[in-house]
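Q: Structure below; questions to follow.
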Amino acid sequence: MSELNEQQSRAVLHIEGPLLVLAGAGSGKTRVVIHRIAHLLEIGIPPAEILAVTFTNKAAEEMRNRIRNLKNAFILASTFHSLGSRILRESIHHLGYETNFSIYDEDDSEKLLKSIFQDKGLSAEKGPLKEARSFISRSKNDLLTPEQSGSGDLLSSLYQSYQEKLKECHAVDFDDLLFLTVHLLQSHPSVLEMYQNRWRFLLIDEYQDTNFAQYTLAKLLSASHHNIFAVGDPDQSIYSWRGARYQNILNFSSDFPGATIITLDQNYRSTTTILEAANALIEHNENRFKKHLWSSLGEGDKIGLYTAMNEKQEASFVAMQINQIKRRNSIGLNEMAIFYRTNAQSRPFEDALLSQKIPYTIIGGVSFYQRKEIKDLLAYLRLIVSEADLISFLRTINLPKRGLGPSTLDKIVAAAQEHQRPILSFCRSLLEDPNLAPGLKLGPKAKQGLSDYLSILDTLRKQQPYLSLSDLLKETITRTRYLSYLQEDKETEQDKKENIDELLAKAIEWEQEQESPSLTQFLEELSLKTSSREDPEIPTVKMMTLHNSKGLEFPIVFFVGLEEDLLPHINSKDDASAVEEERRLCYVGMTRAKRKLYLTHAVYRYMWGTERYMRPSRFLKEIPAEYTEKKEF
């Protein structure tokens with residue numbers, strides 16, 4: 001207890017009744033949760049009566065291990081889905097399922113849904129499949145049955161058939177682990193009572209991230225004894241896009257009458273300057289619990305504010321600062337991070353770090369030049385240069401699908417090798433002379449698909465001498481109908497379009513730097529970047545989106561791209577609630593920094609196919625000038 005401050009001690013010593021711990025960023029919430037469990041064990045609460053629920057297997061395992069080391073006791077610490085699985089294994093027979101059910105992963109679920117599409121005579125293309133899968137998942141997380149989902153006859157019918165098929169297969173999907181568990185507890189009071197009596201002390205971490213199903217499960221399990229200990233921070237609720245409802249934590253007092261609320265506002269991570277700036281920012285949000293983070297770590301440096309002319313200058317400034325900090329302060333690369341709003345923004349920073357030979361690691365994502373859509377388009381460009389690029393041919397021939405299946409392609413490749421001909425040259429000859437390769441017969445659809453594919457490449461090859469590199473890339477995107485292909489997956493379409501925009505920006509930037517730019521040189525440079533491999537032994541700068549920064553901390557943080565339409569994101573433009581979430585995202589990013597924070601933005605940025613004038617983010621204006629200092633390059 002001597003390690004805890006006053007508010008932390010109050011939270012740890014609280015025994016019965018609902019308690020909400022508003023745990024500000026860096027306020028030691030994990031320590032409080034662990035010590036609370038240890039205190040319950042000390043006063044004689046049996047370990048079997050304590051249930052701790054969190055959001056990741058890693059967090060649950062860490063909790064179990066720390067309690068085992070502290071008190072040599074085993075308590076049930078699990079994710080919501082693991083908890084649901086445990087309950088269903090014991091009690092799903094009340095719903096008419098076998099207890100030895102299988103749990104289907106995403107791939108299994110998609111295959112089952114595909115079979116339903118085929119049974120109903122529907123086109124099982126990727127787009128409609130994704131739409132139906134998303135609809136079913138959303139419905140389950142909102143605890144809606146097929147009858148209640150009410151989104152037109154077709155989607156509800158598919159949902160109904162999907163659930164029936166799952167049951168026939170003695171299977172549940174990932175969403176069922178919550179959906180069926182809640183349904184079981186709501187429809188069988190005696191089963192609910194059994195679990196309420198088993199777990200008399202419920203602890204929930206990251207309560208602000210609970211969706212409707214998780215929130216309902218927590219309410220059900222604690223309804224008889226009210227011993228719910230919830231820890232969270234509405235100011236760090238940034239996952240509405242995956243169903244999280246920050247209102248759950250704001251409504252805690254009304255959901256659990258008589259609840260005690262304790263605020264942890266002492267921050268053990270950041271300097272006073274960083275915290276005061278973050279406090280000032282988040283106070284512009286209306287839907288929150290008021291709190292003011294403070295620190296005893298000292299005032300610290302002012303926040304560096306840098307205005308770049310464009311994204312290349314912005315990235316160069318960051319790379320230069322990293323080198324300078326490393327030399328002057330003996331701070332390792334592992335202690336520095338670059339945060340951005342969208343994955344597409346990583347490209348100029350990857351280029352700048354590579355040019356300065358600064359190793360980096362992308363956290364929670366893929367390096368720009370390794371992303372599928374980038375490799376797809378570069379493969380098309382390679383085929384303009386070389387008729388013999390077999391790997392690029394195999395990568396692009398079915399983008400979109402052209403009726404050439406794996407076995408047909410294997411035969412085409414084998415025949416081209418037998419004739420010792422470049423793959424594209426052989427394909428042209430094969431269309432002219434179907435008897436060129438006995439045993440290789442192309443059907444009408446495959447013939448047409450191959451002919452269209454070769455026609456596209458021939459046209460691009462003829463246009464190449466007369467087009468700039470960026471115009472050739474635009475023409476490639478148009479003629480291959482690549483953007484239409486991206487529409488097959490609505491969930492990733494926007495991100496991939498943004499990455500393609502960045503590739504166009506790279507092409508324009510590269511052309512401007514070269515005396516005599518050529519497609520071959522461009523592809524060669526990007527191939528070297530694509531081929532670079534990380535050495536896990538070498539310290540690296542960490543690069544990540546703001547969403548992936550949650551839960552992490554770094555002595556030095558570069559927070560880039562603070563412009564309107566990037567942060568706040570353009571998708572939040574006309575929605576006050578969405579802008580508040582974007583502000584929370586900015587707050588999360590700022591409060592990851594321990595010693596030094598840099599905020600950067602650009603005056604011009606290549607976006608949506610053209611160079612645009614960018615307005616500084618409104619969030620910059622909400623940070624008082626007294627906490628910042630302008631930086632020069």
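Q: Pull out the extension gain between Met194 and Lys290, defined as 0.36 nm times the separation in residues minus the alpha carbon to alpha carbon distance; nm, one decimal.
A: 30.7 nm
Q: Calculated from DSSP H runs of 4 or more alone, at -39500 (n - 2.57) each and per residue, what is the 222 nm mean residue ellipticity of the chain, nearest 500?
A: Taken over the chain, the calculation gives -15500 deg cm²/dmol.
Q: In nm, to one decimal, how far is the modelled label at Glu475 from the one at Ser2, with both set 7 Å along Cα→Cβ?
A: Using points 7 Å along Cα→Cβ, the separation is 7.8 nm.
Q: For the range 21-121, which whole percent of the accessible surface, found with a 1.4 angstrom probe, sits on carbon and sulfur atoms?
A: Answer for the range 21-121 is 44 percent, counting heavy atoms of protein chains only.
Q: Also, quick follow-up: State the Cα centre-to-centre distance between the range 152-170 and the range 229-257 in whole Å.
A: 31
Q: Can you pull the accessible area of Lys496 for me, 1.4 Å probe, Å² to the nearest 10?
A: Accessible area, nearest 10 Å²: 50 Å².
Q: What is the local net charge at Glu563, summed over the other residues whose Cβ is closer than 11 Å to its Cβ (Lys, Arg +1; Asp, Glu -1)?
A: +1
Q: Here's something else I'd like to know. At 1.4 Å probe size, with the rest of the protein present, what percent of the exposed accessible area of the range 357-504 is carbon and sulfur atoms?
A: Details: 3690 of 7120 Å².
Taking all protein chains in place, the range 357-504 shows 52 percent carbon and sulfur surface.
Q: So which trypsin sites (Lys or Arg not before Pro) in the range 1-39 end up in coil per DSSP with only 16 or fewer other C-beta atoms within 10 Å?
A: none
Q: For Cys169 and Glu511 in one chain, what is 0.36 nm times their gap in residues minus the Cα-Cα distance, to one decimal in nm?
A: Length gained, Cys169 through Glu511: 117.4 nm.
Q: To the nearest 0.05, how large is the calculated FRET efficiency for Thr492 and Lys573 if R₀ is 22 Å and r is the Cβ-Cβ distance?
A: Efficiency, rounded to the nearest 0.05: 0.55.
Q: With θ set to phi - 60°, apply the Karplus curve 6.51 cos²θ - 1.76 cosθ + 1.60 along the range 501-516 and write out the HN-Hα couplings as whole Hz, x wherever there is a Gly or Pro.
A: The phi angles translate into 4, 5, 5, 4, 4, 4, 4, 5, 4, 5, 4, 5, 8, 9, 6, 9 Hz.
Q: Computed FRET efficiency, Cβ-Cβ of Ser123 and Ala48, R0 45 Å: what is it to the nearest 0.05?
A: Values: r = 52 Å, r/R0 = 1.15.
It comes out at approximately 0.30.
Q: Sticking with this structure for a sec: Tell me the net charge near Lys447. Cut-off is 15 Å between Cβ atoms, Lys447 excluded, with +1 for each Lys or Arg and -1 for each Asp or Glu.
A: Taking every Cβ under 15 Å from that of Lys447, the sum is +3.
Q: Turning to a different aspect of this structure: Extension gain Asn65-Leu409, at 0.36 nm per residue separation less the Cα-Cα distance, in nm? Could the numbers behind the result be given before it?
A: Details: separation 344, 0.36 × 344 = 123.84 nm, distance 5.23 nm.
Taking 0.36 nm per residue and subtracting the Cα distance, the gain is 118.6 nm.
Q: Right, next: What is the Cα convex hull volume of the range 1-82 when expressed per residue in Å³?
A: Numbers: hull volume 8.8 nm³, N = 82.
Hull volume over Cα atoms, normalised by residue count, gives 108 Å³.
Q: Please compute the per residue accessible area over the chain with all protein chains in place, 1.4 Å probe, rounded to a whole number of Å². Mind dumping the intermediate values first?
A: Details: 27980 Å² over 633 residues.
Here the per-residue accessible area is 44 Å².
Q: For the range 266-281, take each phi angle, set θ = phi - 60°, evaluate the Karplus expression 6.51 cos²θ - 1.76 cosθ + 1.60, and give the result in whole Hz per residue in order, putting x for glycine and proline.
A: Here the 3J(HN,Hα) series is 7, 9, 9, 10, 10, 6, 4, 4, 4, 5, 5, 5, 5, 4, 4, 5 Hz.
Q: I've got another one for you. Once you've got the Cα coordinates, tell me which of Lys542/Lys596; Lys372/Lys496; Lys130/Lys474; Lys140/Lys497 are over 18 Å apart. Working shown, then result.
A: On the way: Lys542/Lys596 15 Å; Lys372/Lys496 9 Å; Lys130/Lys474 28 Å; Lys140/Lys497 30 Å.
Going by Cα-Cα distance, Lys130/Lys474; Lys140/Lys497 fall outside the 18 Å limit.
Q: Also: Whole Å is fine, so just give me how far the alpha carbon centre of the range 12-74 lies from that of the range 93-113.
A: Cα centroid to Cα centroid, the span is 32 Å.
Q: So, R0 is 45 Å and r is the distance between the beta-carbons of Arg10 and Asn329; what FRET efficiency does that work out to, to 0.05?
A: E(calc), rounded to 0.05, equals 0.70.
Q: Any idea of Met309's accessible area? Nearest 10 Å², probe 1.4 Å.
A: Around 100 Å² of this residue is reachable by solvent.
Q: Ordering Met194, Met320 by accessible area with a probe of 1.4 Å, largest first, what comes out? It would help to have the intermediate numbers written out before the result.
A: Values: Met194 85, Met320 50 Å².
Result of the area sort, largest leading: Met194, Met320.
Q: Return the carbon/sulfur percentage of the accessible area of the range 152-275, one whole number, probe 1.4 Å, all protein chains in place.
A: Answer for the range 152-275 is 52 percent, counting heavy atoms of protein chains only.
Q: Let me ask something else. I'd like the accessible area for Lys114, computed on protein heavy atoms only with a 1.4 Å probe and all protein chains in place. Round to 10 Å², please.
A: 90
Q: Calculate one ³J(HN,Hα) per residue across the range 319-334 by plugging θ = phi - 60° into the Karplus curve 6.51 cos²θ - 1.76 cosθ + 1.60, and present them in order as whole Hz with x for glycine and proline.
A: 4, 5, 4, 4, 5, 5, 4, 4, 6, 7, 10, 6, 9, x, 4, 4
Q: Let me ask you something else. All other residues with a Cβ under 14 Å from the Cβ of Ser468 taken together, and with Lys, Arg as +1 and Asp, Glu as -1, what is their net charge?
A: -3
The values are calculated or read from the model by the stated rules, or taken from the named source; none is laboratory data. All values reported here derive from a predicted model rather than from experimental measurement. Glycine gets a Cβ as well: all are built from the backbone with ideal geometry, and neighbour counts include every protein chain shown. Side chains included, ligands, DNA and RNA excluded: accessible areas come from the protein's heavy atoms. Shrake-Rupley method; radii C 1.70, N 1.55, O 1.52, S 1.80 Å.
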